[in-house]
Amino acid sequence: MASRANKLVQARLESPERGVIELEHDWRARGLPPVSLAGGVSWARLERVPAHAYGFESGYFAPAEGRLMFVLDPQSHPDVDVAVTEVFLAGEFNGWAGGGKDEWRLEVTVLGGRRVLAWTGLAEACETAGGEGALFKFVTDDGRWLAVPAGAPNAVRDDGGNVNLRYDPERTGRHLFQFELDRPLNLAALPDVRWHDGEGRVTMPLLPGAFFFRLGSDLPLGALVRTGETVFRVFAPRAEVVELCLCADLESQKKPHVYVMSRRADAHGEAGVWEITLEQNLHGWFYWYQVTGRSGGCSLFNPSQRVLDPYALAAVHRNGPGIVLDRAWIGTGDRGFKTPAWHDLVIAEAHVRDLVTHAPVEMDAAERRGFSGLRRWVESEDFYLSRLGVNCVELQPVQEFDNVTTEEYHWGYMTSNYFSPESSYAVHPERASGIKELQQLVAAFHRRGIAVILDVVYNHVGEPAHLMFLDKLYYFYQDSAGNLSNWSGCGNDFRADAAMARRLIIDSCRHFIEAYGVDGFRFDLADLIGREVLVDIEVALKRTKPDVILIAEPWSFRGHIAGELRDTGWASWNDGYRNFLRDYVHGRGNRETFEYFLKGSPWHYAKWPAQTVNYVESHDDRAWLDVITENPNHDGHLTTANDRRRTHLMAAVLLSSIGIPMLSSGQDFLRSKHGVNNTYQRGDLNALDYRRILRYPGTHAYFADWIAFRRSPLGGLLRHFSRATDGFFRFFWAHDSLAGAVVYNADGSQGSERLLLAINPTLHDVIVPIGELAESDWSQVADHEHFLHGPAANRGQRVEPELFVPALGLALWVSRD
């Protein structure tokens, strides 16, 4: 292949004196590329990187001219047992049909001392017309497409949201060079790299690589109040100057006390930590930092920018300032509550303001904005979630987020600080009143027998992005030009695998457990956190609270991580279940899918029963009712009879499926958002209208009765700690229909009691043949309208060998034979 003009793409350090240079495409000329260093620094050595090293990152490399090797590193796919699972290469070059074909099977080989799977062949066989590259991916013999590893340099996403790898014939591993310098470098003053050829000279900053993201400290961080002194510490590894700005009251912010902080010596193993000790107890004072450093590209240092301490325990606003607080004043959260076992949970997702805005309890305007008002509602004997019967609430974000004004409504998924409770939810944010108010709120939920899970957002940050002003490169994924990665869809991706980013996540979660008494967390877009970090979080938090609830939203625009979490202690929101049930109540889908999800999505999605969180509606997108309504424009506000019946079928299936059921608050009274798809700043649409309970009392009661039944001793047949026996479920089906019946505990493996659930999602009456099963002594518990209580239970439908199930109908029986 003829040589063509090349250029420098990036230069990165892998240690203070060694690194890698990346060119735009393979270097095929003789000798070394024309690169040098500014600032009087020289190469001690410059040579090619072994091509297979690129293969580990990108999934392919060229071992020789005209040859190509595609590489799968098993360490990047712990969910695949390569000893028993065959893996194949598929891509545009074979019509994505390589799966199961011998000529595309990967074989075991050893590269650079690593045992990997690889396919080797002619490069031309993997190119599209014109010698161009092609998209590719790896697929198992059972049809599973393997996720693209985080950080793959050649990952691309198509218009459908699918993430693949790209083979580029011009970048096959020979575009990388490694170097050694004549001296170690100072991270705060790295030199530029110069590219000089016949077309001119280009300079590019030399950036630190993987070793940089391992830098960290175990020292306590933040504002630390001690007897007679206050210590301030912050991590800013590439800063040149860090200043502490301090004032006793908010009126003095324009003329703060300013102190230059000192950088701790690296010799103590505390690289990047800046600190200052002031001989005064500064509890209640206000503070922020100003950080100076080399700016541009991958840096955003700006000495005029106020930086909110990432470890501030309270903040006045998203911009700060932070509030210095003595941890003794904060105290500890409620410790007397016993968190329910995961398989016993019934979760309601809720937003603080959605719950409290129309709560029928007297309170002033400041209270109705947040924690204090919600606590009053929780303590009311008429509290909605208590009447519904759930035993767990999942609160949408309550960490400081980026709403501009106190009154502005916001879902909260743009976090500004990970330790501070949201200031707009506090009655007196300048006094850090939100701390005590949130503590009291959690305790009030606990007195109601309701566990509290917090929705947390560690995959990206909101505005202002304070961590970017501490060190944009350290805390955020970006390319060599400083363009931020955006798999979150929110403008940036937090580099959760950097040592101090990982610590920040763990420390803040521990803080909310210890200071507020919360029971667990739901991690937003957890795919971007990554399995390795999630496992570290799990281990650390279980040391603090062994029964902590950990739930992942296992996807992002980059991929889906649920399969990789099967061997961890994380549960996952189940989007497949959501889509299945939305279809099923319209008579769409197939029997196998119904059986799979009713059994708790076993094995591939959930290795143990409570690993799947089953749901059909969350804060995102349209309300359940607006998705399934017969009305035009997805507006279910004026609910039809069939909308209501389908909602009853959904409630029955959701609450009789194995796994953790999660409701979105308001589903039980047929909540509608008038068809609006994205309501993240629409408090008017999201606020719960409790009057709909009066309009649809039967539906509200139906949900409450199903929840009570699931949580009852008999409902233990629906709540599994471990996987059921193969004969536990027995299914019967109407002819050529999705209508059918299922028996729970059919084999008697869990005692003498059995349940029979019959359901018909079609618009036609059906007969479900169940044969000798009808000979048992069955008592009806519920139908599609209500649960049967008292004398009504004796007048229920009899179980016949030819079981009649009406259109959009359902019935539940119990047998104690």
(message) Quick one: 3J(HN,Hα) in Hz for the range 526-531, Karplus 6.51/-1.76/1.60 with θ = phi - 60°, rounded, Gly and Pro as x.
(response) 5, 3, 7, 6, x, 4
(request) Give me the distance in nm between label points sitting 7 Å out from Cα along the Cα-to-Cβ direction at residue 691 and residue 5, one decimal. (result) 7.0 nm
(message) Just want the answer: with Cβ charges of +1 for Lys and Arg and -1 for Asp and Glu, which residue in 499, 227, 302 is farthest toward the dipole's positive end in the chain?
(response) 227
(message) Once you place label points 7 Å from the Cα toward the Cβ at residue 363 and residue 214, how far apart are they in nm?
(response) 5.0 nm
(request) Can you send over the carbon and sulfur percentage of the accessible area for the range 505-562, probe radius 1.4 Å, protein chains only? (result) 51 percent
(request) Decide, for the range 70-140, between rounded, prolate and oblate: order the square roots of the alpha carbon gyration tensor eigenvalues as a ≥ b ≥ c, take rounded if a/c falls under 1.5, and otherwise choose prolate if a/b is larger than b/c, else oblate. (result) prolate
(request) Could you go through the range 498-504 in sequence order and give the Karplus-derived ³J(HN,Hα) for each residue, using 6.51 cos²θ - 1.76 cosθ + 1.60 with θ = phi - 60°, rounded to whole Hz, and x for Gly and Pro? (result) 5, 3, 7, 5, 4, 5, 4
(message) Give me the Å³ per residue figure for the convex hull around the C-alpha atoms of the range 741-817.
(response) 87 Å³
(message) As I understand it, the dipole of the range 171-241 uses +1 on the Cβ of Lys and Arg and -1 on the Cβ of Asp and Glu, about the Cα centre. Which of 209, 193, 181 lies farthest toward its positive end?
(response) 209
(request) Kindly state, to the nearest 0.05, the FRET efficiency for residue 406 paired with residue 335, given R0 = 45 Å and r defined as their beta-carbon distance. (result) 0.90
(request) Counting residues in the range 314-359 as N, plug N into 2.2 N^0.38 Å and put the Cα Rg over that result. (result) 1.77
(request) Report the local net charge at residue 332: Lys and Arg +1, Asp and Glu -1, summed over other residues whose C-beta lies under 15 Å from its C-beta. (result) +1
(message) In Å², and per residue, what accessible area does the range 1-66 have when probed at 1.4 Å with the other protein chains present?
(response) 47 Å²
(message) Quick check for me: using +1 on Lys/Arg Cβ and -1 on Asp/Glu Cβ, what's the dipole size of the chain about its Cα centre, in debye to the nearest 20?
(response) 1120 debye
(message) At 1.4 Å probe size, with the rest of the protein present, what percent of the exposed accessible area of the range 607-697 is carbon and sulfur atoms?
(response) 50 percent
(message) Starting from a Cα-only point model with no solvent, please compute log10 I(q)/I(0) by Debye for the range 730-786 at q = 0.13, 0.25 1/Å.
(response) -0.36, -1.15
(message) Less than 18 Å apart at the alpha-carbon level, and either on another chain or at least 8 residues along: which lysines does that give for residue 137?
(response) 101
(message) Relative contact order for the range 383-442: what percent, with Cα pairs under 8 Å and sequence separation of 6 or more?
(response) 24 percent
(message) Quick check: residue separation of residue 254 and residue 142 times 0.36 nm, minus the Cα distance between them. What number comes out in nm?
(response) 33.9 nm
(request) Leaving ligands, DNA and RNA out of it, report the carbon-plus-sulfur percent of the accessible area of the range 287-437 at a 1.4 Å probe. (result) 49 percent
(message) Just the number: Rg to Rh for the range 633-776, Cα atoms, Kirkwood Rh, two decimals.
(response) 1.03
(request) Could you pull out every residue, at least 5 positions away or on a different chain, whose amide H is within less than 5 Å of the one on residue 9? Hs are placed 1.01 Å off N in the peptide plane, and Pro or chain starts have none. (result) 22, 23, 24
(request) Under 30 Å Cα to Cα from residue 542, which lysines show up? Leave out anything in the same chain fewer than 8 places away. (result) 338, 436, 599, 607
(message) Keeping all protein chains in the complex and leaving out DNA, RNA and ligands, what accessible area do you get for residue 361 with a 1.4 Å probe, in Å² to the nearest 10?
(response) 30 Å²
(message) Just to check I understand the Karplus step: with θ = phi - 60° and J = 6.51 cos²θ - 1.76 cosθ + 1.60, what whole-Hz values come out for the range 413-418, glycine and proline as x?
(response) 8, 10, 6, 10, 7, 9
(message) Assuming 0.36 nm per residue, please report the length gained on full extension of the stretch residue 82 to residue 785 beyond their Cα-Cα distance.
(response) 248.1 nm
(request) With a point put 7 Å past each Cα toward its Cβ, work out how far residue 64 is from residue 229 in nm, to one decimal. (result) 6.7 nm
(request) Rounded to the nearest 10 degrees, what's the angle between the helix 641-656 long axis and the longest principal axis of the chain, both from Cα atoms, 0 to 90? (result) 70 degrees
(message) In Å², and per residue, what accessible area does the range 231-373 have when probed at 1.4 Å with the other protein chains present?
(response) 41 Å²
(request) Considering the options 42, 136, 767, tell which one lies farthest towards the positive end of the dipole of the chain, charges being +1 on Lys and Arg and -1 on Asp and Glu at the Cβ, about the Cα centre. (result) 42
(message) Given a 1.4 angstrom probe, what's the average accessible area per residue across the range 597-688, in square angstrom?
(response) 29 Å²
(request) Give the shape of the chain as rounded, prolate or oblate, defined through the alpha-carbon gyration tensor: a ≥ b ≥ c are the square roots of its eigenvalues, a/c under 1.5 means rounded, and otherwise the shape is prolate if a/b is larger than b/c and oblate if not. (result) oblate
(request) Just the Kirkwood number for the range 120-211, please: inverse of mean 1/r across all distinct Cα pairs, in Å, one decimal. (result) 17.4 Å
(message) Please compute, for the alpha-carbon atoms of the range 198-292, the extent along each of the three principal axes and give them in descending order in Å.
(response) 63, 33, 15
(request) For a quick protection proxy, order the peptides 745-754, 152-161 by their average other-Cβ count within 10 Å, most packed first. (result) 745-754, 152-161
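The values are calculated or read from the model by the stated rules, or taken from the named source; none is laboratory data. On a predicted model such as this, the values are computed, not experimentally measured, just so you know. Backbone-built Cβ (ideal geometry, glycine too); neighbour counts: all protein chains shown. Surface areas here come from the heavy atoms of the whole protein model, side chains and all, with no ligands, DNA or RNA. Shrake-Rupley method; radii C 1.70, N 1.55, O 1.52, S 1.80 Å.
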